[in-house]
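Read the structure below first, then the notes.
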Amino acid sequence: MKSFWDIERLIFGFFDVQYRRIPRDRFIPFITYWPCATLSQNALLVTCFSNDEICKPVKALGRNKAPSSDGFTADFLVMNWPKLKCSSKNLLDDFHNNGRSNACVRENFICLIQKKEDVIHVKDFRLISLTALTYKVVANVLAKRLKQVMDSIIGPFQRAFIKGRQILDSILIANEAVEDYRAKKKGMNSET
């Protein structure tokens, strides 16, 4: 791949396949028990962002990572937090109250770094996503809130996203059941 346009077609083709919508008629709901958040859990999820909730993820940002899509590093935000926290809080309050955020907050830039000389597939690139720092803070705050209610909104038969449950558990159980079935079937065949 030599030209920018070849790379663009490759990337767009890759992500078009990855994110193509599944037709509704192929979706068959199979879960009869679907847990919901309680009113108090919902209140926790939708409450205004507190200063403490905002400060913790800011201080926890990886300081020496690639800059965000706005060009600033987390180190810049942490070092200048005393000057920026009031305007950042206003921005987050506006997002919470109006459900809107500045377009630049939602922007992500994907930086393509070649892993080898001759690029043929998307896997030949290292993809680095540059995400705005404000978005990272909001995502962190919302993730922490969700973590508090996850065990009650994820069904008992689902294995992922809850501490102590592993997604591989279901695969291992299914594998053991198949092996057990095969062993029993083999035993039945040898008896005849």
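Based on Cβ point charges of +1 for Lys and Arg and -1 for Asp and Glu, what charge dipole magnitude is obtained for the chain about its Cα centre, in debye rounded to the nearest 20?
180
Where does helix 133-153 land angle-wise versus the long Cα axis of the chain, in degrees 0 to 90, nearest 10?
It works out to around 40 degrees.
Full extension from K85 to K116: what is 0.36 nm times the residue separation minus their Cα-Cα distance, to one decimal in nm?
On the way: separation 31, 0.36 × 31 = 11.16 nm, distance 4.23 nm.
Gain on stretching K85 to K116: 6.9 nm.
Label 7 Å along Cα→Cβ of T47; the range 150-183 residues with amide nitrogen under 20 Å?
In the range 150-183, the label zone of T47 (backbone N under 20 Å from the point 7 Å along Cα→Cβ) covers 150-153.
So how tilted is helix 51-60 from the main axis of the chain? Cα-based, degrees 0 to 90, rounded to 10.
Between helix and principal axis, roughly 70 degrees.
What full-extension length gain, to one decimal in nm, is calculated for E8 and L130 as 0.36 nm per residue of separation minus the Cα-Cα distance?
42.1 nm
Angle, helix 81-98 long axis vs. longest principal axis of the chain, Cα atoms, 0 to 90°, nearest 10?
For helix 81-98, the angle is close to 60 degrees.
Assuming R0 = 22 Å, what is the FRET efficiency of K147 and I167, from their Cβ-Cβ distance, to the nearest 0.05?
Working: r = 17 Å, r/R0 = 0.76.
With R0 = 22 Å, the Cβ-Cβ based efficiency is 0.85.
GNM, the chain, Cα, under 10 Å: largest mean-square fluctuation among L39, L91, L77?
Most flexible of the set in this elastic network: L39.
If the convex hull of the alpha-carbon atoms of the chain is projected onto planes in all directions, what is the mean projected area in square nanometres?
Details: hull surface 75.7 nm².
One quarter of the hull surface, i.e. the mean projection, equals 18.9 nm².
Tell me the relative contact order for the chain as a rounded percent, counting alpha carbon contacts under 8 Å between residues six or more apart.
23
Only the coordinates and a few stated rules stand behind these numbers; no lab work does. Just so we're clear, the structure is a prediction, and the values are computed from it rather than from any experiment. Methodologically, a virtual Cβ is constructed for each residue, glycine included, from the backbone with ideal geometry; neighbour enumeration extends over all protein chains shown.
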